[in-house]
Amino acid sequence: MAVLVLLAAAASAPITYLQPRIVRISYEIERLGVVYSWGGGHAEDPGPSKGTCAGYRGRITPCPAAGTRGLDCSGLTRWVYALAHGRDVLGPGNTDDHVRRLRRVDRALPGDLVFFGKITKEAIKTHHVGIYLGGGRMMNAPETGAQVRIDDIRRKTDFAGFYRY
């Protein structure tokens with residue numbers, strides 16, 4: 001039910017400065033207690049879905065993703081951005097695909113995406129993304145066995161930059 005309310009609110013608002021809306025939706029999803037699922041959030045439509053064990057290298061074995069409805073990091077950001085924009089602006093794919101649809105910013109605003117990995121003019125090789133909340137914090141779908149939660153961006157060591165749609 002809460003998801004339907006989020007969708008209705010997002011679709012009815014004009015698309016202008018969306019960062020505050022992105023942050024509000026992020027907090028709502030955290031309150032829902034959505035669990036992490038490797039590959040979750042990558043069904044045809046954004047939102048929690050069963051994950052996949054293809055490419056899984058998590059610490060919990062056997063891989064629980066195929067039986068777990070939830071979100072991975074890029075599934076979380078895809079869903080939040082779709083709710084805020086009223087359409088699937090990030091589209092399917094992983095963090096590398098998503099960063100290509102965005103522009104890098106030097107000064108982050110709450111609602112921007114924070115990527116981890118390596119991004120150069122020659123290559124993009126990212127492995128994680130979160131939603132920047134301000135104050136060095138991000139909304140994060142961190143790993144198998146966890147729920148969507150708020151983390152300090154310094155928990156990850158290979159910061160690659162802030163990006164905005």
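The values are calculated or read from the model by the stated rules, or taken from the named source; none is laboratory data. Everything quoted here is computed from the prediction, not taken from an experiment. We place every Cβ from the backbone using ideal geometry, glycine too, and count neighbours over all the protein chains shown. For accessibility, only protein heavy atoms count, side chains too; no ligands or nucleic acids. Shrake-Rupley method; radii C 1.70, N 1.55, O 1.52, S 1.80 Å.
Does R31 satisfy the criteria of being surrounded by fewer than 16 Cβ atoms within 10 Å (Cβ to Cβ), modelled with pLDDT of 95 or more and over 16 Å from D151 (Cα atoms)?
Considered against the rule, which asks whether it is surrounded by fewer than 16 Cβ atoms within 10 Å (Cβ to Cβ), modelled with pLDDT of 95 or more and over 16 Å from D151 (Cα atoms), R31 comes out as no.
Considering (1) more than 14 Å from N140 (Cβ to Cβ); (2) small (G, A, S); (3) open to solvent by less than 10 Å² (accessible area, probe 1.4 Å), say which one G41 fails and leave the rest.
Single failed check for G41: (1).
Kindly evaluate L109 against the criterion of being assigned to a strand (DSSP E or B) and open to solvent by 10 Å² or more (accessible area, probe 1.4 Å).
no
So if I check each of G39, G93, which one is part of a loop (DSSP other than H, G, I, E, B), modelled with pLDDT of 95 or more and of a type in the set (G, A, S)?
Within the list G39, G93, the selection yields G39.
In the stretch 122-165, which residues are closer than 20 Å to R107 by Cα and in contact with a Cys (Cβ under 8 Å, 6 or more places away or on another chain)?
Across the stretch 122-165, the qualifying residues are H128, V129, G130, N140.
Look at R59 and say whether it is in contact with a Pro (Cβ under 7 Å, 6 or more places away or on another chain) and open to solvent by 50 Å² or more (accessible area, probe 1.4 Å).
In short, no.
I need every pair where a residue in the stretch 143-154 that is free of Cβ contacts under 8 Å to residues at least 60 places away in the same chain has its Cβ under 6 Å from the Cβ of a residue that is exposed (fewer than 14 other Cβ atoms within 10 Å of the Cβ) and of a type in the set (G, A, S), sequence separation at least 6 or different chains.
Filtered contacts from the stretch 143-154: D152/G136; I153/G136.
Residue-wise test of (1) out of contact with any Lys or Arg (no Cβ under 6 Å at 6 or more places or on another chain); (2) closer than 24 Å to R24 by Cβ; (3) surrounded by 17 or more Cβ atoms within 10 Å (Cβ to Cβ).
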{"site": "R69", "(1), (2), (3)": "no, yes, no"}
{"site": "T77", "(1), (2), (3)": "yes, yes, yes"}
{"site": "T95", "(1), (2), (3)": "yes, yes, yes"}
{"site": "G135", "(1), (2), (3)": "yes, yes, no"}
{"site": "R149", "(1), (2), (3)": "yes, yes, no"}
{"site": "T157", "(1), (2), (3)": "yes, no, no"}
